[in-house]
There are 2 protein chains.
Amino acid sequence: MSEVLELTRVKECSGEYVLAIHDTMNVINGKWKLPIMGSLLYGKKRFKELEREIPGITPRMLSKQLKDLELNSIVKRTVYNTTPVTVEYELTPSGKEFRSVLDVMVEWGMQHRKRVLKIIG
Amino acid sequence: MSEVLELTRVKECSGEYVLAIHDTMNVINGKWKLPIMGSLLYGKKRFKELEREIPGITPRMLSKQLKDLELNSIVKRTVYNTTPVTVEYELTPSGKEFRSVLDVMVEWGMQHRKRVLKIIG
DNA sequence: TATATCGGTATACTCTTGTATAGTAACTAA
DNA sequence: TTAGTTACTATACAAGAGTATACCGATATA
């Protein structure tokens, strides 16, 4: 079965549809995962770099969310044997391809904002 | 400025990009908004119909989330002057167009699942 | 010697989300 | 008369998400 046909079939089939949605939701839930991924879209970052780039995040939450993202194969963590240790975070291929989801979200978000302002204004 | 050019510009501009993402996140956050919208994709529904179709939801949460969705112009609520009152919920144009976001989420979710299984298996 | 950086962890708290259970007024069918 | 439907609301509670603050050992810098 071709990819396109399979996708069409899945969109009809509520079970797999819901499963895939659930996978995606797991990646973006919470307040901090999208900001972290957004920051990593521009290249590898170290812990403190992320902490500085994401205003308001505490080390506790950054650590927790990075672990989540690593578990879900969105982020890769690499430790370098320097003194003191260097730890680098980067997006996996899945992480990088998540940009397509972000772009559609942005597109919808903008259209939605326009429609709402047209009604109010 | 054309739509396409404007979108390209926004994708470069972190401020508006983040704003639009935020709009979209507001629509889907929490456990129940996507199930509700999913149910309404197939047409107007009444309160009790939604309650029956979404397993596990309590009337409290259904009421709360419907209010949220109404506030954000995703769902339209119509009251009919019958006895007892009939209340119908349906998606607004924005709500209907949200399907494009869902479809991309499904596409990414499936690809991601495949990639992860390939590594593990 | 004092301070700062690195990549975090520990503890305690609040705040939001969600659950459980019961109840409401008005009406209908058995 | 009793039970059920409609569209919810009220109260109380549990659990999870997020915040605030402090701390760790090792190393580098002033």
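The values are calculated or read from the model by the stated rules, or taken from the named source; none is laboratory data. Computed from a predicted structure; not experimentally measured. In this analysis, Cβ positions are derived from the backbone assuming ideal geometry, glycine residues included, and neighbour counts consider all displayed protein chains.
Some observations on this one:
- Within the stretch B:98-111, none of the residues are surrounded by 17 or more Cβ atoms within 10 Å (Cβ to Cβ) and over 24 Å from A:GLU16 (Cα atoms).
- Residues of the stretch A:28-49 that are within 14 Å of DNA strand D (Cβ to nearest atom) and either touching a Ser or Thr at 6+ places or on another chain (Cβ under 7 Å) or of a type in the set (Asp, Glu) (or both): A:ARG46 alone.
Yes/no per residue for (1) within 11 Å of the chain's Cα centre (by Cα); (2) within 20 Å of B:VAL104 (Cα to Cα); (3) hydrophobic (A, V, I, L, M, F, W, C):
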{"residue": "A:ALA20", "(1), (2), (3)": "no, yes, yes"}
{"residue": "A:GLY56", "(1), (2), (3)": "no, no, no"}
{"residue": "A:LEU62", "(1), (2), (3)": "no, no, yes"}
{"residue": "A:VAL79", "(1), (2), (3)": "no, no, yes"}
{"residue": "A:LYS96", "(1), (2), (3)": "yes, yes, no"}
{"residue": "A:VAL104", "(1), (2), (3)": "no, yes, yes"}
{"residue": "A:ILE120", "(1), (2), (3)": "no, no, yes"}
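- Matching option when the condition is at pLDDT below 90 and surrounded by 16 or more Cβ atoms within 10 Å (Cβ to Cβ), among B:GLU3, B:GLU16: B:GLU16
- Taking (1) surrounded by 15 or more Cβ atoms within 10 Å (Cβ to Cβ); (2) away from chain A (no Cβ under 14 Å) in turn, B:THR92 satisfies each apart from (2).
- Every test in (1) among the β-branched types (Val, Ile, Thr); (2) within 13 Å of DNA strand D (Cβ to nearest atom); (3) under 24 Å from A:TRP32 (Cβ atoms) is passed by B:THR24 save one, and that test is (2).
- Set B:SER100, B:SER73: member being without any contact (Cβ under 8 Å) to a residue 40 or more places away in the chain, within 17 Å of B:LYS45 (Cα to Cα) and away from DNA strand D (no atom under 16 Å from the Cβ): B:SER73
- Residue that is farthest from the other protein chains (Cβ to nearest Cβ) [pool: residues in the stretch B:39-88 that are acidic (Asp, Glu) and within 12 Å of DNA strand C (Cβ to nearest atom)]: B:GLU51
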